[in-house]
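In what follows, a structure is listed as structure tokens, so that the remarks can point back to it.
The values are calculated or read from the model by the stated rules, or taken from the named source; none is laboratory data. In this text the structure is predicted, and so the values were computed from the model without any measurement. With ideal geometry, Cβ positions are generated from the backbone for all residues, glycine too; neighbour counts draw on all protein chains shown. Remember, those area values only see protein heavy atoms, side chains included, never the ligands or the DNA or RNA. Shrake-Rupley method; radii C 1.70, N 1.55, O 1.52, S 1.80 Å.
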Amino acid sequence: MAWFTKVDLEELAGSRSFSRGLGYVEAVVNVRDLPNGVVATVHGSDAYQVRLYDAGGDLDGECDCPYGEEGNFCKHCVAVGLRLLTRSGVTGAASTGGSSSEAGAVDVHAFLSTLDRGELVELVWAQVSQDPALYQRMLLRAIAGAQTVDLSLLARQVENLAVDWLQYGEEETYAEGADAVVAALAGLLPGRAEQVRPLLQRTLELLGQAAGRSEDHCGAAAEAWDVFLAACEEAPPDPVDLGTWFAEFRLTGVDILDMSITDVAELLGTDGLDAYWNALDSARGANRDDWTVRSLREEMIKASGDADMLVACYAEDLSTPDRYVLIARLLREHERPAEAVEWLERGRAGAGRFDHRTGPLVDLLIELYTEAGRTEDVMALQWERFRAEAGVGSYQRLRESILSADPRRWPQRREEALDLLRTRATSGDAGNAWNAGEVYLRVLLSEDRDEAAWEMLDQVRCEESTRLAVAERRAATHPAEALKIYLPAVENAVARANTADYEWAADLLVTLKDVFRRSGEDHGAEVARLKVAHSRKRNFMAALRQRCL
């Protein structure tokens with residue numbers, strides 16, 4: 001029997017994946033035993049490879065479907081497990097979890113130990129002859145393990161990493177080949193570091209190209225980079241050559257891993273860093289707008305710690321407000337707030353208007369104004385932003401800034417702000433924001449202008465949630481009028497015909513009991529009317545019953 005049960009499968013997969021796996025049992029083909037489990041193919045929207053294995057007495061599994069690659073025990077794993085449980089005549093490790101000590105198990109490892117060297121070689125060679133990936137690994141081990149290493153053969157294997165395009169699903173096989181190449185090169189360290197280093201450089205270049213010619217990263221690059229750095233430590237290259245190569249690699253290749261100039265700064269020294277910078281400068285001369293060039297130059301200057309050079313580098317591109325923010329934050333970090341303010345004011349003037357892009361710039365400028373005690377400038381900038389945005393958030397920020405700086409000014413400024421919002425909400429101007437009425441009502445409520453909000457409710461456009469917020473305030477003094485807003489909202493919710501809205505409508509009806517009582521209206525009669533009108537909506541009826549309505 002197998003080393004697991006249906007219960008194990010359902011616990012690992014969950015009820016949903018388990019039930020879906022039931023429909024894939026017939027799609028399981030090519031089941032093959034492994035020392036501690038099985039591998040199989042399951043045909044679904046694609047052909048997926050599944051492996052089930054005994055993990056210390058517990059069932060575990062892997063699948064290369066998208067859900068399985070996230071680490072889940074998927075429906076395909078379930079299907080293979082069910083197939084194992086139902087197939088007859090199971091023998092060997094697959095039926096016992098790979099334990100040779102169990103009755104009926106065959107210990108393949110023990111059997112191999114009985115064979116002589118020649119037989120083992122022939123067995124391995126027979127497999128190697130049929131498996132290109134295994135042949136590649138054996139070839140690399142043979143090359144690296146030879147008494148006289150033929151570097152030309154290794155170079156040929158490195159060049160085999162060049163590809164025109166990697167189709168989806170080919171990345172894993174490619175990565176296995178790349179891992180084998182890197183492992184072979186690593187095996188020649190430290191004794192052959194000087195000869196291996198150029199091969200590692202070429203490996204990195206080809207891995208970078210492959211990453212740009214595939215639908216997913218192929219892996220292996222991080223290990224290749226670590227081995228390359230180790231080779232450089234063992235046999236330091238010419239600093240100028242290394243600096244030039246590193247710049248060209250980062251400029252022309254795909255960024256396949258988290259590289260930084262700090263990784264090689266000690267290896268490069270002054271001469272190598274100069275060569276690196278000169279290569280970047282030449283690339284900048286060829287294309288001043290290239291993002292990669294700019295980011296690499298900024299990275300290097302950051303590493304140098306020279307704030308003025310970094311400001312100058314940032315200032316080469318001032319096409320967006322965030323570049324001014326970048327400069328200002330740098331200057332602020334270096335305790336140069338006055339210069340930071342100057343840059344932000346330049347950016348503000350250049351932007352010409354307030355929008356989502358200028359928000360961080362204005363926020364930082366206000367922070368710096370506040371730190372400098374420039375309260376007049378803070379209030380003026382907040383008023384300018386409010387006039388441009390006319391939003392709830394900009395109104396609240398305006399109020400907070402004035403109340404904290406000079407509360408006596410707020411009453412007049414508040415009326416000016418409310419007048420502006422009222423004009424925008426009622427003018428009917430197509431150029432006004434679509435939510436001007438919504439903003440005006442929300443601001444009136446925030447100022448406890450409940451009467452004004454009620455009077456404007458039917459004159460401006462707003463969301464249902466805002467109408468209900470106004471109605472809630474109105475219900476405190478005029479419950480009957482508030483019901484004229486609440487009851488249509490209940491009808492609208494029921495009409496949307498989904499469980500969440502049914503629940504919401506039922507909850508609201510419970511809340512409205514007190515409003516009905518104070519208004520003199522009959523709450524029970526309204527609930528009865530709704531039951532008659534919507535008797536066929538079973539989920540709504542259930543929601544009402546759950547609340548004893």
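ALA338 passes every criterion in (1) surrounded by 14 or more Cβ atoms within 10 Å (Cβ to Cβ); (2) part of a helix (DSSP H, G or I) apart from (1). Condition first: over 20 Å from LYS6 (Cα atoms) and among the charged types (D, E, K, R). Now tell me which residues in the range 33-77 satisfy that. Listed by number, the residues that qualify are ASP46, ASP64, GLU69, GLU70.
Among the residues that make up the range 114-129, is at least one of them at pLDDT below 50, in a loop (DSSP other than H, G, I, E, B) and open to solvent by 90 Å² or more (accessible area, probe 1.4 Å)? No, every residue in the range 114-129 fails to be at pLDDT below 50, in a loop (DSSP other than H, G, I, E, B) and open to solvent by 90 Å² or more (accessible area, probe 1.4 Å).
Condition check for TYR174 on (1) open to solvent by 70 Å² or more (accessible area, probe 1.4 Å); (2) under 24 Å from TYR48 (Cβ atoms); (3) in contact (Cβ under 8 Å) with a residue 24 or more places away in the chain: one failure, at (1). From ARG297, ARG284, ARG250, grab the single residue that is of a type in the set (D, E, K, R) and farther than 13 Å from CYS313 by Cα. Going through ARG297, ARG284, ARG250 in turn, the sole match is ARG250. Those helices (runs of 4 or more DSSP H) of the range 259-334 in which 3 or more residues are within 30 Å of ASP226 (Cα to Cα) occupy 265-286, 291-304.
Over 30 Å from ARG397 (Cα atoms), among the basic types (Lys, Arg), within 38 Å of the chain's Cα centre (by Cα) and surrounded by fewer than 18 Cβ atoms within 10 Å (Cβ to Cβ): which single residue out of ARG517, ARG496 fits that description? Step by step, each of ARG517, ARG496 is checked, and only ARG496 is over 30 Å from ARG397 (Cα atoms), among the basic types (Lys, Arg), within 38 Å of the chain's Cα centre (by Cα) and surrounded by fewer than 18 Cβ atoms within 10 Å (Cβ to Cβ). With respect to the conditions (1) closer than 25 Å to VAL515 by Cα; (2) touching a Gly at 6+ places or on another chain (Cβ under 9 Å), ARG424 falls short on a single one, namely (1).
Okay, residues lined up against (1) in contact with a helix residue (DSSP H, G or I) (Cβ under 7 Å, 6 or more places away or on another chain); (2) among the charged types (D, E, K, R); (3) more than 30 Å from ALA525 (Cα to Cα); (4) open to solvent by 30 Å² or more (accessible area, probe 1.4 Å):
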site	(1), (2), (3), (4)
GLU415	no, yes, yes, yes
THR426	no, no, yes, yes
LEU457	yes, no, no, no
GLU463	yes, yes, no, yes
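For every residue, the table says whether it meets (1) in contact (Cβ under 8 Å) with a residue 12 or more places away in the chain; (2) in contact with a Phe, Trp or Tyr (Cβ under 8 Å, 6 or more places away or on another chain).
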| residue | (1), (2) |
| --- | --- |
| ASP8 | yes, no |
| GLU11 | no, no |
| SER15 | no, no |
| GLY21 | yes, no |
| ALA27 | yes, no |
| THR41 | yes, yes |
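Which ones in the range 1-28 are part of a helix (DSSP H, G or I), out of contact with any helix residue (DSSP H, G or I) (no Cβ under 6 Å at 6 or more places or on another chain) and not acidic (Asp, Glu)? If the condition is that a residue be part of a helix (DSSP H, G or I), out of contact with any helix residue (DSSP H, G or I) (no Cβ under 6 Å at 6 or more places or on another chain) and not acidic (Asp, Glu), then LYS6, VAL7, LEU12, GLY14, SER15, ARG16, SER19, LEU22, GLY23, ALA27 are the ones that fit. Would you please name the residue that is farthest from ARG323 (Cα to Cα), looking only at residues in the range 354-373 that are in contact (Cβ under 8 Å) with a residue 12 or more places away in the chain and in a loop (DSSP other than H, G, I, E, B)? Out of the qualifying residues, it is ALA372. Picking from residues in the range 365-400 that are open to solvent by 10 Å² or more (accessible area, probe 1.4 Å) and within 32 Å of the chain's Cα centre (by Cα), the one that is modelled with the lowest pLDDT is GLU389.
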